[in-house]
Amino acid sequence: QVQLVESGGGLVQAGGSLRLSCAASGRIFGINGMGWYRQAPGKQRELVATITTGDSTKYADSVKGRFTISRDNAKNTVYLQMNSLKPEDTAVYYCTAHRPALGDLWGQGTQVTVSS
């Protein structure tokens, strides 16, 4: 079973930047895109950004203009560049691989904390 491993989370001051990485342990079959989701304490998990195999991207309104999703197929890695971070961006960030026929894969999550 292919695994997704996130890294790059941490503590940053408001206005700062972080870059999250999500590396797949192998090739993922049946995939049509990857994405980042986040879950803050007491809240539901929400979509942050997605990128399709055709490089089409989609962002939550709350992060448009501040976050950028990208991928490196050769490295089986997807990234989330987060700029101008706000305290409300504090959450556990999860990477996912969308596999319509086989079920989505999820990483274990990485904590992002933005201090005011």
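Couple of notes before you dig in:
- Matching strands (runs of 3 or more DSSP E) fully within the range 1-74 where at least 2 residues are surrounded by 14 or more Cβ atoms within 10 Å (Cβ to Cβ): 4-7, 18-24, 33-39, 46-52, 57-59, 67-72
- Of the residues in the range 90-99, at least one is in contact (Cβ under 8 Å) with a residue 40 or more places away in the chain and among the basic types (Lys, Arg).
- Verdict on Thr96 being of a type in the set (S, T, N, Q) and either over 21 Å from Val2 (Cβ atoms) or open to solvent by 20 Å² or more (accessible area, probe 1.4 Å) (or both): no
- Hey, Gly103 open to solvent by less than 60 Å² (accessible area, probe 1.4 Å), of a type outside the set (A, V, I, L, M, F, W, C) and closer than 16 Å to Val5 by Cα or not: no
- Residues that are of a type in the set (Gly, Ala, Ser), touching a residue at least 40 places away in the same chain (Cβ under 8 Å) and assigned to a loop (DSSP other than H, G, I, E, B) within the range 100-116 comprise Ala101, Gly107, Gly109, Ser116, listed in sequence order.
- Within the range 39-67, the residues that satisfy the criterion of being within 17 Å of Thr110 (Cβ to Cβ) and under 13 Å from the mean Cα position of the chain (by Cα) are Gln39, Arg45, Glu46, Leu47, Val48, Ala49, Val63, Phe67.
- Tyr79 open to solvent by less than 60 Å² (accessible area, probe 1.4 Å) and either free of Cβ contacts under 8 Å to residues at least 60 places away in the same chain or part of a loop (DSSP other than H, G, I, E, B) (or both): no
- Residue check for Ile51: among the β-branched types (Val, Ile, Thr), without any contact (Cβ under 8 Å) to a residue 40 or more places away in the chain, within 24 Å of Gln3 (Cβ to Cβ) and touching a Leu at 6+ places or on another chain (Cβ under 6 Å): no
The values are calculated or read from the model by the stated rules, or taken from the named source; none is laboratory data. None of these values were measured; they are calculated from a predicted model. Cβ: placed from backbone, ideal geometry, glycine included. Neighbour counts: every protein chain shown. Side chains are part of the model used for accessible areas, which takes the heavy atoms of the whole protein and leaves out ligands, DNA and RNA. Shrake-Rupley method; radii C 1.70, N 1.55, O 1.52, S 1.80 Å.
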